[in-house]
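Some notes on the structure that comes next.
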Amino acid sequence: MRRRILLLALLVLRLPSSAWAEPAAPVQGGYSTKPLERAVFDPARVAVDAVAFDGWLNANYSTLNADSMKGPREHLYYLIDSWVKSLYARDRVVLPRKHDAVLRSLFSWSERLGVFGGHLVYNSLAPDELVPMPSLMQLPSGFRLSLRGDMLSLSSETGHWSFAVPYYFMIWQVSEYEAKAGPKTQLVALSTGAAVHEGQAGHSQATLMLLFGPGADEAGFVGYWARQLGFDGDEREEEIPGRPTGTRRLFDKSRNMHREYTAWRTPHGQLVVAYLGMNGTYQWNRPHFFDFLGAIRAE
């Protein structure tokens, strides 16, 4: 018996330290890495463009308003998305293991251009000796946003829902309001990674929307937002693997845009999740629509 214990002890001593480490968190919380395989810009262009764009913003930021910020904000996230994809291609991570000057410079503009959570990412990338960046985008009361590893988590205390998305997704609207001639709604809008279009030139991000109606009537809430999102009843319904509810999809040929939504009841209200994107962008990022549905907690 003593000999067996001694042999076991020797075996344990020879095990690498990694054998005792906590299991590594999956890259971007388990969200599919397939959309990371193709970037809009190569890393050399991002490195050069990031410097030029920083200079342009320093010179022109004071002249931007809420409307004219949209274009620069989207370009900022095209650069972020492409840089993240180059990181993944090289190191199989989306959040740098070391301080990354390019990504830090880009995220220094994130909240100034109207994106929630940018200061959290910037501070995670900055050396300890730098003064932390304060939050410039204040969330409405009852919402909480945090960064854990490479994931941003947003929650609603009143709606009792939460979700997590990769930190490079662009959360550009978080609000709670009484819709005009409609139900009380909590609305979150965010953009996924970018991809090139099919059928026309250009590139864009796809859009995810979460709409929650506290205690809302199911038919009334879903019907109202389906109409607001441009669904007219002609969309086709498809099953979502592993989910009890299906999705309703349509393609608007005049705009070269795909749209879909799904809805379900929670213990505290009604949820609608919509996904929209230009032809090409929509298909390339659609795995993240399914990932997003799986990441929502509404207990």
Original post:
Quick check: is even one residue across the stretch 52-69 crowded, with 18+ Cβ neighbours inside 10 Å and either assigned by TED's automatic domain parsing to the domain that holds residue 203 or outside any helix (DSSP H, G or I) (or both)?
Top reply: no
Original post:
Of everything in the stretch 168-184 that's in contact with a helix residue (DSSP H, G or I) (Cβ under 8 Å, 6 or more places away or on another chain) and at pLDDT below 95, which residue is surrounded by the fewest Cβ atoms within 10 Å (Cβ to Cβ)?
Top reply: 179
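For every residue, the table says whether it meets (1) part of a helix (DSSP H, G or I); (2) among the hydrophobic types (A, V, I, L, M, F, W, C); (3) surrounded by fewer than 13 Cβ atoms within 10 Å (Cβ to Cβ); (4) without any contact (Cβ under 8 Å) to a residue 12 or more places away in the chain.
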{"site": "94", "(1), (2), (3), (4)": "no, yes, no, no"}
{"site": "103", "(1), (2), (3), (4)": "yes, yes, no, no"}
{"site": "106", "(1), (2), (3), (4)": "yes, yes, no, no"}
{"site": "112", "(1), (2), (3), (4)": "yes, no, no, no"}
**OP:** Output the residues belonging to the stretch 259-268 that are buried (at least 23 other Cβ atoms within 10 Å of the Cβ) and either under 15 Å from residue 183 (Cβ atoms) or not assigned by TED's automatic domain parsing to the domain that holds residue 208 (or both).
**Re:** none
**OP:** Determine whether the stretch 78-90 contains at least one residue that is modelled with pLDDT under 95 and surrounded by 16 or more Cβ atoms within 10 Å (Cβ to Cβ).
**Re:** no
Original post:
Which of (1) over 22 Å from residue 30 (Cα atoms); (2) without any contact (Cβ under 8 Å) to a residue 24 or more places away in the chain does residue 189 not meet, given it meets every other one?
Top reply: (1)
**OP:** Inspect the stretch 196-212 for any residue being under 12 Å from the mean Cα position of the chain (by Cα), surrounded by fewer than 20 Cβ atoms within 10 Å (Cβ to Cβ) and closer than 22 Å to residue 136 by Cβ and give the result as yes or no.
**Re:** no
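Conditions tested, residue by residue: (1) of a type in the set (Lys, Arg); (2) more than 19 Å from residue 155 (Cβ to Cβ).
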{"residue": "227", "(1), (2)": "yes, yes"}
{"residue": "232", "(1), (2)": "no, yes"}
{"residue": "236", "(1), (2)": "yes, yes"}
{"residue": "249", "(1), (2)": "yes, yes"}
{"residue": "254", "(1), (2)": "no, yes"}
{"residue": "272", "(1), (2)": "no, no"}
{"residue": "282", "(1), (2)": "no, yes"}
{"residue": "286", "(1), (2)": "yes, yes"}
{"residue": "299", "(1), (2)": "no, no"}
Original post:
How many residues does the stretch 150-167 contain that are buried (at least 16 other Cβ atoms within 10 Å of the Cβ) and either in the same structural domain as residue 93 (by TED's automatic domain parsing) or over 15 Å from residue 190 (Cα atoms) (or both)?
Top reply: 5
Subject >> Scan of the stretch 39-50 for residues that are surrounded by 13 or more Cβ atoms within 10 Å (Cβ to Cβ) and assigned to a helix (DSSP H, G or I), ordered by number >> reply: 43, 45, 46, 47, 49, 50
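The values are calculated or read from the model by the stated rules, or taken from the named source; none is laboratory data. Given the structure is predicted, the values throughout are model-derived calculations rather than measurements. Neighbour counts run over all protein chains shown; Cβ positions are idealised from the backbone, glycine included.
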